[in-house]
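The values are calculated or read from the model by the stated rules, or taken from the named source; none is laboratory data. This structure is a prediction, so every number in the text was calculated from the model and none was measured. Don't worry about glycine lacking a Cβ; one is built from the backbone with ideal geometry, like all the others, and counts go over all protein chains shown. For the accessible areas, the whole protein counts, side chains as well, though only heavy atoms, and no ligand, DNA or RNA atoms are used. Shrake-Rupley method; radii C 1.70, N 1.55, O 1.52, S 1.80 Å.
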Amino acid sequence: MDEIHTDSDEGEGNIKYTISGEGAGSIFIIDELTGDIHATERLDREEKAFYTLRAQARDRLTNAPLEPESEFVIKVQDINDSEPQFLEGPYIGSVAELSPI
């Protein structure tokens with residue numbers, strides 16, 4: 001899905017990534033070691049178009065923040081989950097010139 005990452009992360013496992021905000025810990029979970037963020041359920045744009053979350057990198061031993069908290073937005077893209085189906089087509093129609101839209 002997405003990931004957060006700090007430049008100070010040298011891959012030694014000394015950094016813990018956290019998220020907070022709308023859906024953090026329920027709809028969105030983060031791998032504390034890698035910063036990978038995943039959705040735990042299917043998102044529906046018609047229910048909610050975006051989520052605002054905050055992310056932070058912390059020292060794993062002291063829990064001290066390594067950088068200021070950053071805010072980011074996850075925008076849900078719409079997919080047509082109810083595609084129109086024309087089972088008895090093709091359909092032929094016409095529209096008179098100068099018709100209203």
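Of the residues Ala55, Ala64, Ala24, which exhibits the maximal mean-square fluctuation in a Gaussian network model of the chain defined by a 10 Å Cα contact cut-off?
So, out of Ala55, Ala64, Ala24, the one fluctuating most is Ala64.
At what distance in nm do the modelled label points of Glu47 and Gln85 sit from each other, each positioned 7 Å from its Cα along Cα→Cβ?
Distance between the two pseudo-spin positions: 2.4 nm.
Considering the convex hull of the alpha carbon atoms of the chain, report its projected area averaged over all viewing directions, in nm², one decimal.
Mean orientational projected area (the chain, Cα hull): 11.5 nm².
Among Glu69, Glu41, Glu12, determine the one that fluctuates most according to a GNM of the chain built with springs between C-alpha atoms less than 10 Å apart.
Between Glu69, Glu41, Glu12, it is Glu12 that shows the largest mean-square fluctuation.
What full-extension length gain, to one decimal in nm, is calculated for Glu71 and Arg54 as 0.36 nm per residue of separation minus the Cα-Cα distance?
5.7 nm
Identify the chymotrypsin sites (Phe, Trp or Tyr not before Pro) of the stretch 30-99 meeting these criteria: DSSP loop state and at most 12 other C-beta atoms within 10 Å of the C-beta.
Of the chymotrypsin sites (Phe, Trp or Tyr not before Pro), the ones in loops of the stretch 30-99 whose Cβ has at most 12 other Cβ atoms within 10 Å are Phe86, Tyr91.
Using a 1.4 angstrom probe, figure out how much accessible area the chain has per residue, in square angstrom, rounded to the nearest whole.
Value for the chain: 79 Å² per residue.
Can you list the HN-Hα couplings for the stretch 84-89, worked out from phi with the Karplus curve (6.51, -1.76, 1.60; θ = phi - 60°), rounded to whole Hz and with x for Gly and Pro?
In residue order, the calculated couplings are x, 10, 10, 7, 10, x Hz.
To the nearest 0.05, what FRET efficiency results for Ala64 and Ile29 with a Förster distance of 25 Å applied to their C-beta separation?
E(calc), rounded to 0.05, equals 0.65.
Can you give the accessible area of Leu87, probe radius 1.4 Å, in Å² rounded to 10?
Spelled out: Leu87, probe radius 1.4 Å, area about 150 Å².
In whole percent, and with a 1.4 Å probe on the protein chains, what portion of the accessible area of the chain is carbon and sulfur?
Ligands and nucleic acids excluded, carbon and sulfur give 48 percent.
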